[in-house]
Amino acid sequence: MSDYTLPGTFRLDRSRSAAVQVYEHLRELIVTLALPPGAVLSRTDLAGYFDVSVTPVRDALARLDDEKLVEVFPQHATRVRAVDLSSAREAHFLRLSVELELVHTLAQRPDPRLAGRLLDIVARQEACLATGDLASFTAADMAFHHTMYDAASLAGLWHRLRDGSGNLDRLRRLHLPLNGKARSILEQHAEIARAIGDGDAASAQSWVRQHLSGTLSELDALRARYPDFVLPVN
């Protein structure tokens with residue numbers, strides 16, 4: 001691995017597809033910025049790290065290439081790509097469209113227990129923010145949205161959307177520590193939960209629109225602060 005070393009060790013689950021596990025692990029490292037843009041990924045080194053042949057590594061890298069998270073050079077090394085804004089914008093548009101309808105549906109049949117579960121997650125995020133644990137804060141952020149999809153019996157849709165959101169997620173990771181972004185997420189999550197519990201679909205949709213639009217509105221600032229992470233618009 002040139003310049004970057006994969007953290008820790010990896011234990012392969014022999015009951016699952018090796019290519020899927022390699023893909024999942026590398027994607028997580030890229031999305032969390034543990035592997036930054038420009039990191040060189042050697043197929044031989046990856047095969048040794050994951051204790052697999054080169055074939056599942058090649059298959060995993062091809063999937064990551066399709067998602068515009070890496071760039072594969074045939075017969076040469078693979079590099080982690082900078083954030084592709086076109087991909088991020090497409091993921092944002094799709095997620096916003098879906099979640100506007102999602103919270104409308106949930107608010108049409110208000111469930112105080114769902115609102116309570118969502119507010120419990122907000123409280124967990126508050127505790128993470130208080131200790132500066134942004135990794136757990138982000139995990140709770142995902143849990144908040146996943147809980148809404150589950151409540152609407154749309155768990156499969158959640159996973160499909162997540163599969164295409166790698167570049168958007170990287171932008172959100174870059175934005176999270178800046179300008180009170182984490183604090184605004186807490187406020188927006190709480191308001192979404194309350195609106196769903198109150199059966200106020202219009203308010204829930206308004207808060208979702210505000211919640212999901214913040215990062216893309218800060219693109220110029222993010223590009224200026226992280227020029228190596230964000231590709232210019234095509």
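The values are calculated or read from the model by the stated rules, or taken from the named source; none is laboratory data. All figures in this text were calculated on a predicted structure; none of them were measured in a lab. For neighbour counting, all protein chains shown are included, and Cβ atoms are generated from backbone atoms with ideal geometry for every residue, glycine included. These accessible areas exclude ligands, DNA and RNA; they are computed on the full protein's heavy atoms, side chains included. Shrake-Rupley method; radii C 1.70, N 1.55, O 1.52, S 1.80 Å.
Computed quantities for the displayed model
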{"quantity": "Residues of the stretch 69-105 satisfying the condition of being open to solvent by 50 Å² or more (accessible area, probe 1.4 Å) and hydrophobic (A, V, I, L, M, F, W, C)", "calculated": "PHE73, PHE93, LEU94"}
{"quantity": "Residue match in the stretch 192-209 (condition: surrounded by 14 or more Cβ atoms within 10 Å (Cβ to Cβ), under 30 Å from LEU61 (Cβ atoms) and either outside the structural domain of LEU35 (by the TED database) or touching a strand residue (DSSP E or B) at 6+ places or on another chain (Cβ under 6 Å) (or both))", "calculated": "no"}
{"quantity": "Helices (runs of 4 or more DSSP H) wholly inside the stretch 111-183 containing at least 3 residues that are within 22 Å of GLU28 (Cβ to Cβ), of a type outside the set (A, V, I, L, M) and open to solvent by 30 Å² or more (accessible area, probe 1.4 Å)", "calculated": "134-151, 155-163"}
{"quantity": "Tabulated pairs, the stretch 4-29, first under 12 Å from LEU46 (Cβ atoms), second among the β-branched types (Val, Ile, Thr), C-beta under 7 angstrom, 6+ apart or interchain", "calculated": "ALA18/VAL52; VAL22/VAL52; VAL22/VAL57"}
{"quantity": "Tally, over the stretch 26-51, of residues that are closer than 23 Å to ARG162 by Cα and open to solvent by 50 Å² or more (accessible area, probe 1.4 Å)", "calculated": "2"}
{"quantity": "Every pair of residues 6+ apart whose Cβ atoms lie under 9 Å, when the first sits in the stretch 134-153 and is acidic (Asp, Glu) while the second is outside any helix (DSSP H, G or I) and surrounded by fewer than 20 Cβ atoms within 10 Å (Cβ to Cβ)", "calculated": "ASP141/LEU176"}
